[in-house]
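Just so it is clear, none of the values below were taken in a lab; they were calculated from the coordinates. Everything numeric here is computed off the predicted structure, so don't read it as measured data. Using ideal geometry, Cβ is built from the backbone for each residue, glycine included, and neighbour counts are taken over all protein chains shown.
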Amino acid sequence: MQKMYKYIYLFISITFVCGFINPLFSQIVDFQSSDLPILIIDSFGEEIPDEPKIEAHLGIIDNGEGNRNFLTDSFNGYNGVIGIELRGYSSQTWPKKPYGFETRDSLGENNNVSLLGIPLENDWTLHAPYVDKTLMRNVLMYQLANEMGMYAPKTRFCELIVNDEYMGVFVLIEKIKKDKNRVDISKPNSANITGGYLLEMTSTERFSGGENYFDTPISNKQIEIKYPKSKNITAEQNEYIKNYFSDFESALFSSDFKDSVNGYQKFIDVDSFINNMLLAEGFNQLDALSFSQFFHKPKDGKLIMGPVWDFNRSIGNARYYTSWETSGWWLKHPYAGARAMWAERLMSDGNFLERYAQRWLELRETVFNLDSIYSKIDHWVTLLEESRVRNFEKWQVLGVSINNKYAFDTYEEEIDYIKNWIREKFLWLDDKFASFIIQKNQNLAFNNLYNFSSQEEGDENPASNAVDGNLETRWSALSYPQWIEIDLEEVTQINVLEVVPYKERAYQYIIESKNDINGNYEIIVDRNSNTTGGTVISDSINSKNARFVKLTVNGSYGYDGDWISILEFGIYSNSTTDIKDKPERLIPNKLTLYQSYPNPFNPSATIEYEIATPGDTKLYVYNVNGELITKLVDKFQKRGNYSVKFDGQNIPSAVYFYQLINNNQVETKSMILLK
């Protein structure tokens, strides 16, 4: 029955395509050489099926970066047997087909190889960008995910020939699977069935038969167990991961779902959910939290969202559910079913929402900086300058709507569209997220060191350095575990706990609290399975009354040394426990550039300004001839008040102009340097 539904869907989709696209959608292209690697597949006269894989030959011509590749060259990137099949669901309905293949040896067994510089493995995907006329959406999104500190599939652009027919620009991508170079999880066994598992949220109509899956109890989504494979998984393991998802959803939709110990945080790695949700929200990923949504669970760890997959229909590249719009919460779209259920519930927790907002604003200064994203896009535009011409000669889809809201006549217009779309969506999110940040009071841990465990610490790095408010000093202790206990001197309401790790290490720890010296500690933050580092590792909790707070560091992810090094341990009592928009009177409502002071000045002046809309901000100083003297500010900034010093020690007395630019608004004033 499942297979029949799939074929019905394929028939309807093909009928739709043929009705709206010129049936001469593919052309013969004279192809002799490329500045991209060339992949040549020969299936020996057999049509490549949906499944099962058939035997074929793959040859790769890759003469290295900067060197041209000719069809007459020898196969130097790979020359051997593969098993190949069509892959994907809706993407199979398009004339330009995607493929999945495995590299094999002469006996037909799996053969781990490195292709185009991607690490050793035997399972591969050939993505066929067809509805994505930029050809790069997946490549961009996987790179951004990698820069955020997550594993995402590695990619390489190439040109493909199948059975002597030129097929256009493709992307070689790592297939998501358990592997030390991909999803690095250990195998569950009878002694420990808690991990690892690789799972995909999907739907039964996408199954071809034989899949091992279960339904979630509340959102009613199908979760396929990708690893362990059906033939290897035990009944006990199967039941464990099914119950884990059930317990998670039950906790998520319970009345105590916000509780940091017994609510949803007990089951999921919140940071991984935040990272993946921000990618989906920031770029309107069509299938997020619905289809092609991967999860994995390491042994003794919490459920991790990811790796990311399938952004072909993101960044305004569809006309479903208003996905092309750059305003509105995409993950909370009312027609989004399970996606909206999970996102709506998580975002109704003020603590989650604050961490969500903080992470967005951090990323906007780094990975999500518009100049950085635009430079990636421009790099691939240059890389594809030659090959894309052949691709669109083969597949004449420019100017044709393939369920796109907008269809542009030129490649350059497609590129301009995604750049402008990203900018507009980011500005909308900047404004929303900036209003969700709670203002914290002073760190309650300052100068309140009560006790510590380590006797192995240097004179320069005592435990007191972790609570002195100085990020230039640190506490270093030898071996795990180590702890610091803080006495707040009286019972105090706390809401936020922060650890500032040395060199942004991903420490694994717990934080406990109690009300009196003879009481029992209760865990209020559990990061024993933490895999995320950063400048600050922050946890917002439900308001908790505590006098004693204890940080115990048990290990570190990605750092093999024996030393624990903490720059600062923060304990905060917020002025409010509800996340809501800040009062308007505290928020700048327009771009304002103030007169510098003193004026005249010698040798330095202070320049203050206010930003009403978060965005890329520039503050430059010019002389009377319009020549640039210095760039005081050139970065993304949040909404707020700012103050900058201008040093005129090395320039002559004169009148100077300082100009503030924020989101295409400009303010200019003058100042006088008088020596």
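Details
- Stokes-Einstein D in µm²/s, Kirkwood radius over Cα pairs - the stretch 197-368 at 25 °C with 0.890 mPa s viscosity: 146
- Between residue 464 and residue 191, the contour length at 0.36 nm per residue exceeds the Cα-Cα span by 94.1 nm.
- Inter-label distance, residue 618 to residue 79: 5.3 nm, where each label sits 7 Å from its Cα along the C-beta direction.
- Cleavage-rule hits, GluC sites (Glu not before Pro), the stretch 349-380, DSSP coil, Cβ neighbours within 10 Å at most 16: 365
- Degrees separating the helix 411-434 axis from the principal Cα axis of the chain, which is the longest one: 30
- Full extension of the chain segment joining residue 405 with residue 247 gains 52.9 nm, where the gain is 0.36 nm per residue of separation less the Cα-Cα distance.
- Residue 503-residue 372 FRET efficiency (beta carbon distance; Förster radius 22 Å; 0.05 resolution): 0.45
- In a DSSP loop and with at most 10 other Cβ atoms within 10 Å, there are no GluC sites (Glu not before Pro) in the stretch 218-326.
- Cα extents of the stretch 385-432 along the three principal axes, largest first (Å): 43, 24, 11
- Whole-Å distance, taken between Cα centres, linking the stretch 173-206 and the stretch 623-674: 53
- Where a label projected 7 Å from the Cα of residue 335 along Cα→Cβ would reach, residues of the stretch 293-318 with amide N under 16 Å: 316-318
- Nearest-ten-degree value, helix 137-147 long axis tilted from longest Cα axis of the chain: 40
- Between residue 344 and residue 630, the modelled labels are 5.3 nm apart [label points 7 Å from Cα along Cα→Cβ].
- Summed side-chain charge close to residue 319 - residues other than residue 319 whose Cβ falls under 11 Å, Lys, Arg +1, Asp, Glu -1: +1
- Computed from backbone phi with θ = phi - 60° and the Karplus coefficients 6.51, -1.76 and 1.60, the 3J(HN,Hα) list for the stretch 277-291 is 5, 5, 5, 5, 6, x, 10, 6, 5, 4, 9, 4, 6, 9, 9 Hz; x is used for glycine and proline.
- Principal-axis tilt of helix 235-252 within the chain, Cα atoms, nearest 10 degrees: 50
- The tail of the calculated P(r) for the stretch 2-174, taken as Cα-Cα distances beyond 24 Å, holds 40 percent of the pairs.
- Exposure proxy for 277, 150: other Cβ atoms within 10 Å of each Cβ, ordered fewest to most, give 150, 277.
- In nm, spacing of pseudo-spin labels at residue 50 and residue 211 (7 Å Cα→C-beta vector): 1.2
- Other-chain or far-sequence residues with amide H under 5 Å of residue 197's (modelled H): 297
- In this structure, the amide hydrogen of residue 50, modeled 1.01 Å from its nitrogen in the peptide plane, lies closer than 5 angstrom to those of 86, counting only residues at least 5 positions away or on a different chain.
- Taking θ as phi - 60° and the Karplus parameters 6.51, -1.76 and 1.60, the scalar couplings of the stretch 515-528 work out to 8, 9, 5, 9, x, 9, 6, 10, 5, 10, 9, 10, 10, 5 Hz in sequence order, x denoting glycine and proline.
- Residues whose placed amide H lies under 5 Å from that of residue 162, excluding near-sequence neighbours: 41, 167
- Hypothetical label at residue 416: residues of the stretch 302-324 whose amide nitrogen lies under 19 Å (7 Å Cα-Cβ projection): 316-317
- Integer Hz, Karplus 6.51/-1.76/1.60 couplings in order for the stretch 27-38, x for Gly and Pro: 10, 7, 10, 7, 10, 10, 7, 8, 8, 9, x, 10
- FRET efficiency estimate (nearest 0.05) - Cβ-Cβ, residue 473 to residue 597, R0 22 angstrom: 0.05
- At full extension, residue 106 and residue 667 could sit 195.0 nm farther apart than now, given 0.36 nm per residue minus the alpha carbon distance.
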